[in-house]
Structures are given as C-alpha cells and as structure tokens.
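Have a look at the structure below before the remarks.
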Ligand SMILES: C[S@@+](CC[C@H](N)C(=O)[O-])C[C@H]1O[C@@H](n2cnc3c(N)ncnc32)[C@H](O)[C@@H]1O
C-alpha cells in the first residue's frame, strides 16, 4: 500500500526498534503457514505485536474460515468468530501501540460480523482483547507493572459456552523443552498447571 506508515518517528525507531512490517511482506510470511492461519482454533502469539500488522490479517483469515464453515448459522458464525479472536495473542511494550492493536482487532472483528459498537458481542470481544493483548516486555516476560505475564487459554465447548484457564507465559515457554529430556515421561497436565480456572462462560457473561 502506497500510504502505509511504517515508521512513527525516528526517536521511536532508535528507542524501541519500532518499524512496522508492510502488508505485502506480512501476507507472504503468513502464506508460509497458510493452513494454520486458516484454522479457526490455531493459536498465534506475536511477542512484539506493534499495532497488529500480523495479528489483524491472521484474524481476517480465521474469520474467512469461520464464514466458510459456519456461515449458514448466524449463532455459530458469531460464536466461532469470537473463538477465532480468542486464539490471537500479543505482547507490546508501548501503551499506545497495545491500545491501537486492540482497536484494530476489535474493528476487524465487528466490521466482519456487522456488529455495532457497544453491542454485547463487541463488549465480549473487547473483554477478550483486554487479556489477550498484553502491555509488557516479551523478553522479561513481565507486564508493565512488573507482574509475570499471564495468558488465558480459551476453549469453545459449543452451544455458546466458553472455558478459560490462565497460564503464566514463562511457564508456557518451557513446554517445548519439557517434551524432551527430564520431564518427557510426564503428561502435560502434570507439569503445567493453570494459575486460575474460570467457570464456563457465555457471551453475555464475557460482555459483563
Ligand atoms: C519492529 S516493530 C514491529 C511491530 C509489528 N510486529 C510489525 O511487524 O509491524 C517492534 C515492536 O516491538 C515493540 N517492542 C520492542 N521491544 C519489546 C519487548 N521487549 N517486548 C514487547 N514489545 C517490544 C516495539 O514497541 C514495537 O512496537
């Protein structure tokens, strides 16, 4: 795109390495994992997500998949679309970028479904984004207040019901190494325990 803004200021580039990726390059990179981007329940985490240059097109691809698979039912479309959003995660150091990222994802979600601002589904989506897009330091794995970053693991149980379990990010990053070596003989649930488990929720409860 000719008017795409890839740099906000020279100072931000120097201080935070803030140079955004052009959409043609994002698309080429996402095509390398095309089938994953088109799977509703594949989870993506962008650890330096900026304003969402990767996360927005990932969500768009997932929403296209939702419509192709569940488009005949408005109920299923809306619920699977929310689940698709639940599978998109980001970490961003700067407050304005994190807020912009949440807004861009929320706008993509509501436009795609024809949902108005303030409607129940919009409020549920905002509640999801408030916890899925974290303002923090991906290297230190801490939030802007110095606490460990925690991410929700969402599941869609069908019939409009969602489950949520929260895990510490530093714990999750050890998953790959735990599949080999010392802990290989343990089941995942024996090593990784959620820091919090929520009661099953509906869109209405999420929105509240
Ligand atoms: C090069 S930009 C890329 C933004 C986006 N991923 C893209 O491709 O358009 C890097 C982003 O990472 C953020 N950032 C820098 N250090 C970070 C850190 N330790 N943890 C999280 N975000 C960080 C910056 O604020 C900036 O928004």
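On the given criteria, is residue 51 near the ligand (Cβ under 9 Å from one of its atoms), under 25 Å from residue 139 (Cβ atoms), at pLDDT 95 or above and surrounded by 11 or more Cβ atoms within 10 Å (Cβ to Cβ)? I'd like the intermediate steps shown before the answer.
Details: near the ligand (Cβ under 9 Å from one of its atoms): yes; under 25 Å from residue 139 (Cβ atoms): yes; at pLDDT 95 or above: yes; surrounded by 11 or more Cβ atoms within 10 Å (Cβ to Cβ): yes.
Yes: the conditions hold for residue 51.
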Next item on the list: Any chance you could count how many residues in region 103-135 are in contact (Cβ under 8 Å) with a residue 40 or more places away in the chain and at positive phi?
Entry: 0
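With the condition kept exactly as written, say whether any residue in region 142-152 is more than 16 Å from the ligand (Cβ to nearest atom) and either in a helix (DSSP H, G or I) or at pLDDT 95 or above (or both). Can you show your working first?
Start the filter on region 142-152 by keeping residues that are more than 16 Å from the ligand (Cβ to nearest atom), which leaves 152.
Next cut, either in a helix (DSSP H, G or I) or at pLDDT 95 or above (or both) only: 152.
Looking for residues that are more than 16 Å from the ligand (Cβ to nearest atom) and either in a helix (DSSP H, G or I) or at pLDDT 95 or above (or both), one finds at least one in region 142-152, hence yes.
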Item checked: All positions within region 37-92 that are more than 24 Å from residue 172 (Cα to Cα) and in contact (Cβ under 8 Å) with a residue 60 or more places away in the chain -> 75, 78, 79, 80
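Take residues that are touching a helix residue (DSSP H, G or I) at 6+ places or on another chain (Cβ under 8 Å) and farther than 21 Å from residue 206 by Cα and tell me which of the helices (runs of 4 or more DSSP H) falling wholly in region 17-128 contain 3 or more. Steps first, please.
On the way: elements: 23-31, 34-37, 55-70, 74-86, 95-113.
Hits in region 17-128: 23-31, 55-70.
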Checklist line | Count of residues meeting criterion [under 12 Å from the mean Cα position of the chain (by Cα) and within 12 Å of the ligand (Cβ to nearest atom)] in region 15-43 | finding: 0
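Just give me the residues in region 1-14 being surrounded by fewer than 11 Cβ atoms within 10 Å (Cβ to Cβ) and either within 11 Å of the ligand (Cβ to nearest atom) or not in a loop (DSSP other than H, G, I, E, B) (or both), in sequence order. First the steps, then the outcome.
Here is the first cut: in region 1-14, the ones surrounded by fewer than 11 Cβ atoms within 10 Å (Cβ to Cβ) are 1-3, 5, 7, 9-11, 14.
5, 7, 10, 11, 14, listed by residue number.
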Check: Mind checking which pairs have a first residue in region 2-22 that is within 19 Å of residue 52 (Cβ to Cβ) and a second that is more than 8 Å from the ligand (Cβ to nearest atom) and modelled with pLDDT under 85, Cβ under 8 Å, 6 or more apart or different chains?
Finding: 20/4; 20/5; 22/1; 22/4
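The values are calculated or read from the model by the stated rules, or taken from the named source; none is laboratory data. In this text the structure is predicted, and so the values were computed from the model without any measurement. Backbone-built Cβ (ideal geometry, glycine too); neighbour counts: all protein chains shown.
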